[in-house]
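The values are calculated or read from the model by the stated rules, or taken from the named source; none is laboratory data. The model shown is predicted, which means the values in this text are computed figures rather than measured ones. In this analysis, Cβ positions are derived from the backbone assuming ideal geometry, glycine residues included, and neighbour counts consider all displayed protein chains. Areas reflect the complete protein model, heavy atoms only, side chains present, ligands, DNA and RNA absent. Shrake-Rupley method; radii C 1.70, N 1.55, O 1.52, S 1.80 Å.
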Amino acid sequence: MVDVTLNVTYAPVRVAKPSIAAMNNPPPKGAGKMIGKEDASRCVSIFKTLGLASIMIFAVVSLVGMIVIWKSGLIERVISQQLVIEKDTEVYDVWVKPPVKPIVNIFVFNYTNVAEFTAGKEKLKVKEVGPYVYRLSLEKVRVVFPTNDTVSFQEKKNYQFDPVLTKGSLDDVLMVPSFTVLGTVHKLDKLLGGLPFNPLPDSFFTKEPFEKIKVRDLIWGYDDAIYDTVRPFLNMVSGDLPAKMGLLVGKNSTDEMRFTINTGMQDINKLGIVSAINGKKKLSMWRSNECNRVDGSEGSMFPPPQVASGLRLYIFLAQLCRRIPFDAIKFMVTNGMPAVRYAPPEDVFSPDNPENQCYCLSGKCPKNGLFNVGPCVFDSPTMASFPHFFQGDPSLLDEVEGLKPDAEKHQFYLDVHHKFGVPLGGKSRLQINIVAKAKNIAPMKRFKRDTILPVCWFEVSVDELPPEVKSALKLATHTASHGLMYFLLFVFVFSSGVIAYYATKRTRAKVARPLIYSELPKKLILVQKK
């Protein structure tokens, strides 16, 4: 009986010849059944082992998967590839006709003491009036795909006045600098070559450099006798001027400027980057190829890898005919989603910035905080700045009283989704100023030469995204990127729990059950056998 048991337990491949004693003493009843139960128990043990091994593999794979997704941004890259501009896609439909309607706030500077200034008693004082609010609807029209990786279009704009948000009325009458007088003086100054005397009689100008005007006319245009007189001559040197003078004349329609941008199909790092304006890859009004280079985003989307890496972004501002750099300044949450806030660097309009030298015409740069937009706007005496000369030369505040620069109110910034490069909010803020030149010409005798007169400033803002846009972005942000992570985490925790349960159960079983003969060490059994 002992020999048979040992042979079965430790040498299953040997067939022992039964002894005569064993034949005369048959095994007790049920011995065969005991051997069958042991084989069944062994099969169950094998299945348990295989099951635990599979669970361990699941745990390892889920852990590795979580690490790969977390470190590599795999899900974000897959989603980013879905943001390319391709016809017959949801992204294309939203890009062509954005559901977001920006709010346009227009603040006008009302000059309150022109009579005292003209009499030489006081320096000019201004009071900010507004905002006069419009809701802007945008649509891209005449869309053409010249190549697989570029798309060209024009932008159709529709401004809708919002009387509820407006403080004041479009019929408000304000005192503002006269575009026609200051613009005509600017042209005469260039034609006369800066002569120290004025060859024209004082009676040549019958208008003063300031005029009373309704806000409605200031924004959308008005008739002016001087402008009507000089316009045919100006057209010969400055191109086709609009029929009326006004801040947004011709803007409530399809823009004549045609953009060509990259679709991101072949290179996601070029998504939304402008490659041509009106078919031209370079401008011609600045002093170098670098400043004339057409580059930067058109503002509706940015290359996701650049945003994720925190690299400097560029936006091509058509109203300035140049690209503007934007640097990442902080991480934040905008509209419930992770975002990077971008803003122009402090020296963006500084003459000390080497990158701005090619924008300085005739070898002369404007003061810090000013940008000469004249070459971009019919060669007019126009300067752009941030509102209230924010981040500008302090001397700009000495010309006019009533300006109070404030970062909270006047900084230009943009919040961009930190993974997908989609704008989530922001405020575009720029101020329009006009230059009073030619002190020797009659209406300008009271001014210092090149006095900068603020006219108004614009704020284009997106504070709240439409619910459908917000839901789609949140789904992509949280469900896509975190959903798989949570699933893998569940698999890992569940698998680890199962492994821990069986390990604990096996340990307890070994401690609790009595030692049986078949589990004795082999050497000990062999010794007893001898």
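Apply the Kirkwood formula to the range 302-380: the hydrodynamic radius equals the inverse of the mean of 1/r over all pairs of different alpha-carbon atoms; give it in Å with one decimal.
Hydrodynamic radius (Kirkwood, Cα only) of the range 302-380 equals 14.4 Å.
For residue 397 and residue 135, what is the calculated FRET efficiency with R₀ set at 56 Å and r taken between the beta-carbons, to the nearest 0.05?
Working from the Cβ atoms, E equals 0.95.
Enumerate the residues in the range 121-153 having an amide nitrogen under 20 Å from the point lying 7 Å beyond the Cα of residue 266 toward its Cβ.
Hits in the range 121-153 for residue 266 at 20 Å: 144-153.
Label residue 319 and residue 169 with points 7 Å out from Cα along Cα→Cβ: what is the distance between them in nm?
Going by the 7 Å Cα→Cβ label model, 2.7 nm.
Taking the range 333-413, which trypsin sites (Lys or Arg not before Pro) meet the DSSP loop condition and have no more than 14 other C-beta atoms within 10 Å?
Counting only loop positions with at most 14 other Cβ atoms within 10 Å, the trypsin sites (Lys or Arg not before Pro) in the range 333-413 are 364.
May I ask you to give the percent of accessible area on the range 108-189 that is carbon plus sulfur, with a probe radius of 1.4 Å?
50
With a probe of 1.4 Å, find how much accessible area the range 321-424 has per residue, and write the answer as a whole number in Å².
For the range 321-424, the per-residue accessible area is 41 Å².
7 Å from Cα along Cα→Cβ at both residue 332 and residue 253: what's the point-to-point distance in nm?
Taking the two extended label points, one gets 3.8 nm.
Between residue 449 and residue 212, what length comes free when the chain is fully extended (0.36 nm per residue of separation minus the Cα-Cα distance, one decimal in nm)?
Between residue 449 and residue 212, full extension yields 83.0 nm more.
Considering only protein heavy atoms and a 1.4 Å probe, what is the carbon-and-sulfur percentage of the accessible area of the range 318-378?
55
Give the accessible surface of the range 88-150 per residue, rounded to a whole number of Å², with probe radius 1.4 Å and ligands, DNA and RNA excluded.
51
Starting from the 7 Å offset along Cα-to-Cβ, what nm value, one decimal, do you get for the label separation of residue 288 and residue 101?
Here the answer is 4.5 nm between the modelled labels.
Cβ neighbours within 10 Å, averaged per peptide: list 300-306, 121-127 in order, most packed at the top.
So the peptides 300-306, 121-127, ranked by packing, come out 300-306, 121-127.
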